[in-house]
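Presented below is the structure to which this report refers.
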Amino acid sequence: MSTNGMKKITIEPVTRVEGHGKVTILLDEQNQVKQARLHIVEFRGFERFVQGRPYWEVPVLVERLCGICPVSHHLAAAKAMDWIVGGENLTPTAEKMRRLMHYGQMFQSHALHFFHLCSPDLLFGFDADVAIRNVIGVAAKYPALAVQGVMMRKYGQELIKATAGKKIHGTGAIPGGINKNLSIAERDGFLKDLDQMVEWSRSALKIAKDYTVAHLDTLASFGSFESSHLSLVRADGAMDLYHGNLKAIDAEGNSIFDQVDYQNYLDYIREEVRPWSYMKFPFITSLGPEKGWYRVGPLARLNTCTFIDTPEAEAARKEFMALTDGKPNNITMAYHWARMIELLHSIEKIKALLHDADLQGTDLVTKGNRRDEAVGLIEAPRGTLFHHYRVNKNDQIVMANLIVSTTNNNEPMNRAVELVARQHLSGVKITEGLLNRVEVAIRAYDPCLSCATHALGKMPLEMEILDAEGNVLDRKAR
Amino acid sequence: MAKPKVATTSLAGCFGCHMSLLDIDDRILKLVELIDFDKSPINDIKKFTGRCAVGLIEGGCCNEENVRVLQDFRNHCAILISVGDCATMGGIPALRNNIPLQECYDEAYKNGPSVHNPSGQIPNDPELPLLLDKVFPCHEVVKIDYHLPGCPPPADTLWEALVALLTDKPVDLPYTLIKYD
Ligand code: SF4
């Protein structure tokens, strides 16, 4: 297949990212990389088929977008529905139960990504044999580390079960509050393993930091580029993963906007449709589709916040920012380090919450004046997640708009792939090294392509190079 | 004797069923003593390496690619299991079945309040697999040997069923492990 006389290479699918994806690399007549595209090949239609459903059903319906971070969708939808029922000022018990659920999710998701999905790249190198470069390979060679990963994920999942009722697709958050509190017995169960989790988080952070620092020469340029960054921050500028106002900065750290009430997100964000992907391309409206794209997720959050309100993560943040003299860090592979700082932050937050007696409170739900339109935002593990709904008099949804975390990173992921292809493609031969590196660059963003396309899964890897007439020059499949 | 192989895939699912499989936690280490994982999203194996004893299918079929993958699983696996409500009956994605596909596209790519689409194009590219007009449960596409209900099925359900199958015992799930939700 030719595109305007260019040659094309296809990598399908991208494995060990959570979702469907396919990469094509287009070459020009001189066999130089002209353009790279990450195609999102799944489409579900959630925006349309939730219409007509009652609003109170939405938090349990839309979480089925993604079984990897269902809590994020559950809570973003619930936050919007709080606003619909006029119950956005939650009781302390409700807010803290939800935060515990969210930090539990952050903890398990970051642990899953680091130990199950990326550690093979970091431990075995990008060129290691496919047969061992997976979590089972890690378990065989580094059993203690694999067990750590499994047990950390389990701890987070158990927190989700205790707050949401189920490990996957829970029901805990309801419009205006929560449907249970945390029993003393549940709390004590978590306190028992807490110190171990803190310890393991410290050591995971150390692995990520040491790896990044030791390989800085290669990593600094690997799929890296300057970009704007966007996240929620607290009113005082602190990192806040559950709630806050929108802040965007440019690659130098200058403010684009700050402390924006997210109910007004439509004044700031638009999404461009491109014909070759089901995933849209968000941008900051004032900067336009060409220049307005930005990054979200752990790296962006480290760059946008002015401090972290837990001591160990704050110390780690200072070290992280020192690497770039306090300026925003634009190194794609630094996502891993930033993610592990958030892992530590999450467990520090969990610790503080578990010692808070409000979790045993019994005042669970509030209500106020009913509204018919609402926006709910949250910092999901992979970045800022937007949910926006309109509801009619019969309590039915009439409009739903979702901008999921990974969608926000669409343009950055495409750029990362293009850069890596430029750096590592030579001639028209497909090498394992190229395949792996393209995947490593995408994986840094921890894309949940499930969310982004409202779908997920993985397929056989196939890469093709075609000439301008559509003849296959080289093909490689695993 | 070589260990039996198990392959897994996610079609039109949310990956929650795979996550539920990971929720067997440290029993995953026991599982890899019993079996070898073949083609699966959790490793980098992208093509079947041979015949598999068991194939676990998450999600129904919403596009031609899903159908192709499902047929490939049928051809390579002695036992095929529909895992979760999406594979078993279409699940939440099948909510689109009584809505014209065009309306779903229009909502996502034209009418949405944050959409910027001056040309009014709907994504359409040779790289994007063709969507089916409806989302189909797996047993309407190929023969399925077992169905495990749940959204997702609890980790214990997956564990008990797999171990029973792999050790040639009857699958005898207690009431508490069989749930639709
Ligand atoms: S059955 Fe539920 S958990 Fe499994 S893929 Fe479908 S929506 Fe996800």
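The values are calculated or read from the model by the stated rules, or taken from the named source; none is laboratory data. Not measured: the values here are computed from a predicted model. When we count neighbours, we look across all protein chains shown, and the Cβ atoms used for this are built from the backbone with ideal geometry, even at glycine.
Just for helices (runs of 4 or more DSSP H) wholly inside segment A:37-113: which have at least 3 residues that are over 19 Å from the mean Cα position of the chain (by Cα) and more than 10 Å from every other protein chain (Cβ to nearest Cβ)?
Working: elements: A:46-49, A:58-61, A:70-84, A:92-111.
Ranges flagged: A:70-84, A:92-111.
Condition test on residue A:156, is it at pLDDT 95 or above and within 16 Å of the ligand (Cβ to nearest atom)?
Values: at pLDDT 95 or above: yes; within 16 Å of the ligand (Cβ to nearest atom): no.
It is false that residue A:156 is at pLDDT 95 or above and within 16 Å of the ligand (Cβ to nearest atom).
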Any idea which of (1) surrounded by fewer than 23 Cβ atoms within 10 Å (Cβ to Cβ); (2) more than 16 Å from the ligand (Cβ to nearest atom) is the one residue B:97 doesn't satisfy?
(2)
Could you say which residue among B:113, B:129 is surrounded by 16 or more Cβ atoms within 10 Å (Cβ to Cβ), facing chain A (nearest Cβ under 10 Å) and assigned to a loop (DSSP other than H, G, I, E, B)?
B:129
Got at least one residue in segment B:52-61 being without any contact (Cβ under 8 Å) to a residue 60 or more places away in the chain, more than 15 Å from the ligand (Cβ to nearest atom) and more than 9 Å from chain A (Cβ to nearest Cβ)?
yes
By residue number, the members of segment A:20-36 that are within 8 Å of chain B (Cβ to nearest Cβ) and in contact with a helix residue (DSSP H, G or I) (Cβ under 8 Å, 6 or more places away or on another chain) are none
Restricting attention to segment A:167-195, which residues are touching a residue at least 40 places away in the same chain (Cβ under 8 Å) and within 16 Å of the ligand (Cβ to nearest atom)?
A:168, A:169, A:170, A:171
Considering each residue of segment B:76-93, count those that are out of contact with any helix residue (DSSP H, G or I) (no Cβ under 6 Å at 6 or more places or on another chain), among the β-branched types (Val, Ile, Thr) and within 13 Å of the ligand (Cβ to nearest atom), and give that number.
2
Hits in segment B:86-100 (condition: within 11 Å of chain A (Cβ to nearest Cβ) and of a type in the set (Val, Ile, Thr)):
B:92, B:99
Return yes or no: is residue B:163 hydrophobic (A, V, I, L, M, F, W, C), more than 23 Å from residue B:12 (Cβ to Cβ), surrounded by 15 or more Cβ atoms within 10 Å (Cβ to Cβ) and more than 8 Å from chain A (Cβ to nearest Cβ)?
yes
Among the candidates B:69, B:83, residue that is aliphatic (A, V, I, L, M) and at the interface with chain A (Cβ under 9 Å from one of its Cβ atoms)
B:69
Can you name every residue in segment B:1-39 that is more than 22 Å from residue A:152 (Cβ to Cβ) and either within 12 Å of the ligand (Cβ to nearest atom) or buried (at least 20 other Cβ atoms within 10 Å of the Cβ) (or both)?
B:5, B:6, B:7, B:8, B:9, B:10, B:11, B:12, B:13, B:14, B:38, B:39
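Report yes if residue A:196 is assigned by TED's automatic domain parsing to the domain that holds residue A:97, loosely packed, with under 15 Cβ neighbours inside 10 Å and of a type in the set (S, T, N, Q), otherwise no.
Criteria met by residue A:196.
Scan A:131, A:164 and give me the residue that is within 16 Å of the ligand (Cβ to nearest atom) and either within 22 Å of the chain's Cα centre (by Cα) or hydrophobic (A, V, I, L, M, F, W, C) (or both).
Numbers: A:131 fails: within 16 Å of the ligand (Cβ to nearest atom).
When all the criteria are applied, what remains is A:164.
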Go through segment A:251-292 residue by residue and tally those that are surrounded by fewer than 19 Cβ atoms within 10 Å (Cβ to Cβ), touching a residue at least 60 places away in the same chain (Cβ under 8 Å) and of a type in the set (D, E, K, R).
1
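Of all residues in segment B:132-144, which are surrounded by 15 or more Cβ atoms within 10 Å (Cβ to Cβ), out of contact with any Asp or Glu (no Cβ under 8 Å at 6 or more places or on another chain) and either outside any strand (DSSP E or B) or among the hydrophobic types (A, V, I, L, M, F, W, C) (or both)? Spell out the reasoning first.
Residues of segment B:132-144 that are surrounded by 15 or more Cβ atoms within 10 Å (Cβ to Cβ), as a first pass: B:132, B:134-139, B:141-142, B:144.
Going one step further and asking which of them are out of contact with any Asp or Glu (no Cβ under 8 Å at 6 or more places or on another chain), we end up with B:134-139, B:141-142, B:144.
B:135, B:136, B:137, B:138, B:139, B:141, B:142, B:144 - these are the residues of segment B:132-144 that are surrounded by 15 or more Cβ atoms within 10 Å (Cβ to Cβ), out of contact with any Asp or Glu (no Cβ under 8 Å at 6 or more places or on another chain) and either outside any strand (DSSP E or B) or among the hydrophobic types (A, V, I, L, M, F, W, C) (or both).
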Quick one: which of A:324, A:306, A:310 is out of contact with any Cys (no Cβ under 6 Å at 6 or more places or on another chain), among the β-branched types (Val, Ile, Thr), away from chain B (no Cβ under 13 Å) and free of Cβ contacts under 8 Å to residues at least 12 places away in the same chain?
A:324
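Can you tell me which residue is nearest to residue B:162 (Cα to Cα) among those in segment B:40-51 that are in contact with a strand residue (DSSP E or B) (Cβ under 8 Å, 6 or more places away or on another chain) and either of a type in the set (D, E, K, R) or away from the ligand (no atom under 16 Å from the Cβ) (or both)?
Within segment B:40-51, the match that is nearest to residue B:162 (Cα to Cα) is B:51.
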